[in-house]
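Just so it is clear, none of the values below were taken in a lab; they were calculated from the coordinates. In this text the structure is predicted, and so the values were computed from the model without any measurement. Note that each Cβ is placed from the backbone with ideal geometry, even for glycine, and that neighbours are counted across all protein chains shown.
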Amino acid sequence: MKVDKTIAMKTLVQYFLTIIMIYLALPMNGQDSFTPVTDVESLKNKLSEYNSRISTIESDFEQEQYLSVMTEKIFTKGYFCFKKENNLRWEYLEPYTYLIVISNEKIYIKDEEKVSKYDIESNIMFKEINKMMVGMVNGDILNNKEFQLSYFENNINYRVNLVPANKEMKEYISTIEIYLNKKDMSVDEIRISDPGGDYTNIFFKNKRLNQPVSDEKFTAK
């Protein structure tokens, strides 16, 4: 099946707009069911401590999208990279190439050989994209007043459920689920669902933490 990149871009904007998404509604990988976290402050402190130690993150990812207008799910693979303070690269590699870079208050989108540049501060939509994407990585999203948060855990993961409080955002996103690995508090998966039942799952593989990352990664190349 040929993947329509217009649909891919739409989901990028709608679902977090859209990247950085990773999650399952069903228990993951046969794990035990989740129960509410009893000590939320302890969880937040663990995440804050983790974020203070992290300077770079690199990861491969696999993304699964379900769209009601499509007869089959869309599967893509790619590469993700983050470097403090707010440098981020999200790159689709299979079955098509598509690149999003956030750096120096700019967003770059490269579709094949065409590169578009946007000023984050002058564009409300991209300002929100930047806030959400970077917040997912550095943990600031847990302090975002535009979401109602609830916390769950099992023997392997913490799961943070985010429900938009903003009326406009509710039109695109019903829930975001973030799965944190209990061993190192890094993100294992994210699931973003919309009110119509469509969803995007992203699974992070082969995570590399605090490895040297060239600034060249955050150019549209």
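Can you pull the one-decimal nm distance between simple spin-label points at GLU146 and SER48, each 7 Å off the Cα toward Cβ?
Placing both labels 7 Å along Cα→Cβ, they lie 2.3 nm apart.
Report ³J(HN,Hα) in whole Hz for each residue of segment 192-207, in order, from the Karplus equation J = 6.51 cos²θ - 1.76 cosθ + 1.60 where θ = phi - 60°; Gly and Pro get x.
So the Karplus estimates, Gly and Pro as x, are 10, 10, 10, x, x, x, 6, 8, 10, 10, 10, 10, 8, 10, 6, 6 Hz.
Assuming R0 = 45 Å, what is the FRET efficiency of LYS114 and THR38, from their Cβ-Cβ distance, to the nearest 0.05? The partial results should precede the final answer.
Details: r = 51 Å, r/R0 = 1.13.
That pair, LYS114 with THR38, gives E of 0.35.
Starting from segment 169-221, pick out the GluC sites (Glu not before Pro) whose DSSP state is loop and whose Cβ has at most 16 other Cβ atoms within 10 Å.
Values: sites: GLU171, GLU177, GLU189, GLU216; in loops: GLU171.
Here the sparse-neighbourhood loop sites are GLU171.
Treat each spin label as a single point 7 Å out from the Cα along the C-beta direction, and report the ASN206 to LYS77 distance in nm.
Reported label-point gap for ASN206 and LYS77 is 0.8 nm.
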